[in-house]
Structure formats: C-alpha cells, structure tokens
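The values are calculated or read from the model by the stated rules, or taken from the named source; none is laboratory data. If you're wondering where the values come from, they're calculated on a predicted model, not measured in any experiment. In this analysis, Cβ positions are derived from the backbone assuming ideal geometry, glycine residues included, and neighbour counts consider all displayed protein chains.
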Amino acid sequence: MANYRDIIASYQDKPGGIIEAYHALQEEFNYIPREAIDEVARVFGVSEAQAYGVATFYSYLSVEPRGKYIIRMCESAPCHVAGADEVIKAFENHLGIKVGETTADGKFTLELTQCIGQCQGIPVITINRVPYEGISPDQVPMILEKCK
Amino acid sequence: MAEEVRIVLRNADKIDPNNVDDYINAGGYQALEKVRGMDPKAVIEEVKKANVRGRGGAGFNAGLKWSFVPPADVKYVVCNLDEGEPGTYKDRTIVQKDPQTVLEGMAICGHAIGSKQGYIYCRGEYPYVVEQLNQAIDQAKAKGVLGDFDIEVRMGAGAYVCGEETALIESIEGHRGEPRFKPPFPGVEGLWAKPTVVNNVETFANLPEIINKGADWFASIGAPNYPGTKVLTLTGDVVNRVPIEVPTNTTIREVIYEFGGGIRNGRKFKAVQIGGTSGGFIPESLLDTPIDFDSMSSIGATLGTGAVFIMDDTRDIVDIVTRISKFFEHESCGKCNPCREGTFRCYEIMKKINRGAASAKDIDNIVLLARVMQKAALCGLGQAAPGPIMTTLQHFRHEYERKLV
C-alpha cells in the first residue's frame, strides 16, 4: 500500500490540489485517514481545521473507514417515485445494517446519495461509483452475490 | 409531428466519440480555425448576436458575459460539468457522445477572451466521464488542434452547490464549495482572482456550429428571445426516458406526448417539474407553454437545466415535495442563514404536513419562510429551493389541504 505522504507530495505543486489529493488518498485507503489530513494541512499550508473542513464538506469524501463495496442508493425525487425506499429496505434487510453503516466483516457500506445523473434508468444505485439502473428489491440478493 | 433539431448533439451516434479523427472528419475544429483568423472582439460580437443564452439554467447571453472580461495577464475558461440537478443527465450525454465539441467550444471562448488555460469541473459522480475527457484532451493535444490552449479536468466530490459558479471556483481552488459574495463577478475576479468565464457544457457545445453557420442562422431557430435548441432529459412516469434536443419553441405537451410517448402504464398526467429539482411544478392547463426561458418564467416555472420529471395521477405531490425539501436541507452549504436555517425548517414543516400533523398555520409559515429565502439567500440554491413548495401550493393546493388536521 502506498504511503500517504508520497500520495500527498505528488499533488503539492498543483494549484488547489487538495481535493485531488483527497481523491487519490481515498482511492488507496477507501477513506481519508486522520494523519493524512494533518499532512495535507502541512503540505498545502492551510490549518488542520481548513483541511478537515474540506474533507468533510463533500459527500464523496469520507474521514471514516468504509467497506470494500460502497453501495449508494439515489434518493432524489425521480428515484423516489420509482421505488427507491423499497430498494433501500431490501438492502438493509439482506445486509443486516442501516443506511450509513458498514457490515461487521467490512465488506459493505450502505449510503444514500443525491442524484447521480442516470435518470433514464430510475431507480439507480452505484456500487463503488459504477451505476446500475432500474433496480428492484428482488434483484438485491443477486447484486450482493456478485460482490465477491 | 415535432422533430428534433440537433446542434449540440449533431455528431451523437454518428461518430466514434473517443476518436478525434472522427470528429475532425465530421468538420470538427474548423470553427476554431476560423475564429483564429478573426479579431477576438468580433468573435464576442458574433456570439452575442447569436444570443446563445446560458444552458446551465441562468439564461444569460454568453457573448455578453464574455464582453465583461477586462484585460489581464492571465484569464481562465471554466466549463461547468457539475450537473447536479436531479433529473438532469444532458451534460453527461453531450460529453459521452461528443467530447471534442465541448473542447472546441472552450478553445473558441479562449481565443475570444484571450485565455490560454481552461478547466473542466466534472462532478464526482462521473469518474468515467473524467477518464473519457482526459483521453479526448490527450488526443486533441497530440493532433495539435487546440494550439496553445490547455485544458485540465478537475473532479468534484459530491456537492450540488458547486454548480453555482463561484462555489465551483472555490472548489477548483481546493476549498469548501461555498459561494462567494457578488460582485465582483467571476468575469472580473474569478479563479485565483483572475478574470474567469464559467459556462455550461451545453453552451460551449453550441459554439462551433454558431461560428460555422453564423449568428443569424442560430438566432433564427426556435424562440426569438431564447434561440437555438435545448437538450432535455426525460425521466419519471414517461414512456421514453431519453435525452432529446429540440428547438426552444417546442411546447411542454409536445415534449411529453410526442418525444416522450406519453405517460407510462396507460396512466394519466398529473404534473411535470422542469429544470431540475428546484424547478416549478406545472399542471395540465399550462402544457401548451413553449419551453424557452422567458415563456417558462412567464408561467412561474423554469427551463433550468432542461430536466423533465413527469408524474402520473397516482403520485402524491406533497410526498414528492417533502423529498425535494430533504434534498435542499442536505445540499445547503451552510454559509448563509436564510438557506441553512430555511432549508432545514422547510423540510421540517414539509415532513409535518406529509405525515398529517400540520395545520393551516404551518402553510402560512412555510409561505412566509419561502419568501424570505427567495429574497435573502446568498446564492441560487437558497433562492430557488422554495420554488417547488410555492408552485405546488399554487397549482396543487388541495393535495396539501387534504393532509391538514
């Protein structure tokens, strides 16, 4: 696994590169570790509060560890009318966790998201940012089965 | 039968979007070549005369926006690909079908305002679009078609407010995406305090054809006050959930029944919300309104991004508006009071109405709150957030009243 210091250093000359660095850190660690935020603050010359403020402003950045598969259910109005609530209930039932939680084995995290721009195929979920369209509750076991 | 007119999507499904040679063979980069032989001021005048108005939703004349840019050593062109309005997938469609036309549009703008550096701010929900754009930029650079104009893609990280141009700029600078006070406007003081033109993907994608065929040609298409076409994305209870590009004098009814194929499952129409989740709700009686910006404004609705969210007669308007209120409560950046507190209270009151626990007094309160937000919020998010509440109270008030205690 790459060292967080090396990852951050590779973005230090990029103007405004903090968010790019966070994306790269998250790609590697699946979340942004606390010590990496302190390092970002040092390298980019901002306070730790500012660095933490950026990391926690954006929905797709996380300062908490998450599962290997992050499943997001779109809850915006078009997906809502297409049955998003039933799909999320099916995920909760099959995984035994609530929205915002991670399974004990660290495999799945369940989150809600706002519109992901795939509204031709409502309701839509993403698994690690890959969209899947037209999801119904009865497809949920099969979807989970495919996540090895 | 109404027909599509394709300007922005002229190459869609006709060329390989991931091959710059295909784009060039289809006439691509001729417009950029043409403007390089023109005085930059003449390019701005041509775009102004075409009256191409901002396709992100604000509807401001793009050429006029460019004309405000003062002389400076460094200037930036920024493409807004932070498409976050629920129901909208047009910018993704445009880029996935024809990325080079967006790059060419940006380079045309670069020549007009005297900028050598462009940025595309792509939402974090579209990592695959970032990849595709980077590939397109590499190909264009290898061909040398962009000349000395450089383009870099930056990826957002899930914040609806970053579609607001000053919040977007803050985000490129690596900050929290909180809108700035205006003035100064970005055209004068934008990215890293330099003059910056921020335009939507669809606005840029219109430019090559405007240059190739002329301002008069463009201005003659569609509605006179908002000429050209609009890419619309259909979603909800409609048969065809597809992107379409239509002249701006097309009516809402044509969009839903001719292009959309009508309501799904043989049901009846109840409402349509156009322009994204901040758009107004429109009842049956107003469906003969043309979709252009000014016609939509005249009925208290919006064209916005061009999202078309159709609801059938089984849908619960109050429940949908409650969900929309949750969206704004979540997406408010928290910088200004009217929006931070206002979206929170709107959601609170909407939940109360939706579960049947509210009285007429709550409706009075939410209307008062909505007016404060519309007048006092710092940016478009807080100003537009009450729109769905106000327009549904106007057109579907009975649905609220039947839930009151």
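At-a-glance table
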read-out: Single match in B:357, B:377 (criterion: surrounded by fewer than 15 Cβ atoms within 10 Å (Cβ to Cβ) and outside the structural domain of residue B:203 (by TED's automatic domain parsing)); value: B:357
read-out: Hits in the range A:53-97 - residues which are away from every other protein chain (no Cβ under 12 Å), closer than 27 Å to residue B:315 by Cβ and of a type in the set (D, E, K, R); value: A:86, A:89, A:92
read-out: Subset of the range B:124-155 (residues that are of a type in the set (Val, Ile, Thr) and within 14 Å of chain A (Cβ to nearest Cβ)); value: B:129, B:130, B:153
read-out: Hey, residue B:90 over 21 Å from residue B:47 (Cα atoms), within 11 Å of the chain's Cα centre (by Cα) and at pLDDT 95 or above or not; value: yes
read-out: Where residue B:213 falls short, out of the listed (1) away from chain A (no Cβ under 14 Å); (2) without any contact (Cβ under 8 Å) to a residue 24 or more places away in the chain; (3) buried (at least 21 other Cβ atoms within 10 Å of the Cβ); value: (3)
read-out: Positions within the range A:109-123 being part of a loop (DSSP other than H, G, I, E, B) and either at the interface with another protein chain (Cβ under 7 Å from one of its Cβ atoms) or under 19 Å from residue B:275 (Cβ atoms) (or both), in sequence order; value: A:114, A:115, A:116, A:117, A:118, A:122
read-out: Answer from A:67, A:134, A:53 - the residue that is part of a loop (DSSP other than H, G, I, E, B) and free of Cβ contacts under 8 Å to residues at least 40 places away in the same chain; value: A:134
read-out: Residue A:48 vs. criteria surrounded by fewer than 23 Cβ atoms within 10 Å (Cβ to Cβ), touching an Asp or Glu at 6+ places or on another chain (Cβ under 7 Å), away from chain B (no Cβ under 13 Å) and at pLDDT 95 or above; value: yes
read-out: When residues of the range A:98-108 are limited to those that are away from chain B (no Cβ under 14 Å) and without any contact (Cβ under 8 Å) to a residue 24 or more places away in the chain, the one surrounded by the most Cβ atoms within 10 Å (Cβ to Cβ); value: A:101
read-out: Long-range neighbours under 7 Å by Cβ, at least six apart or interchain, first residue within 14 Å of another protein chain (Cβ to nearest Cβ) within the range B:239-253, second of a type in the set (S, T, N, Q) and surrounded by 18 or more Cβ atoms within 10 Å (Cβ to Cβ); value: B:241/A:120; B:241/B:235; B:242/A:120; B:243/B:93; B:243/B:233
read-out: The lone exception for residue B:202 - which of (1) part of a helix (DSSP H, G or I); (2) surrounded by fewer than 21 Cβ atoms within 10 Å (Cβ to Cβ) it fails; value: (2)
read-out: Filter pass, residue A:31 being part of a helix (DSSP H, G or I), out of contact with any strand residue (DSSP E or B) (no Cβ under 8 Å at 6 or more places or on another chain), outside the structural domain of residue A:114 (by TED's automatic domain parsing) and in contact (Cβ under 8 Å) with a residue 12 or more places away in the chain; value: no
read-out: Cross-chain or 6+ apart pairs with Cβ under 9 Å, the range B:371-399 first and part of a loop (DSSP other than H, G, I, E, B), then of a type in the set (Phe, Trp, Tyr); value: B:378/B:181; B:385/B:327; B:385/B:328; B:386/B:328; B:396/B:281
read-out: All positions within the range B:333-345 that are crowded, with 23+ Cβ neighbours inside 10 Å and within 14 Å of chain A (Cβ to nearest Cβ); value: B:333, B:343
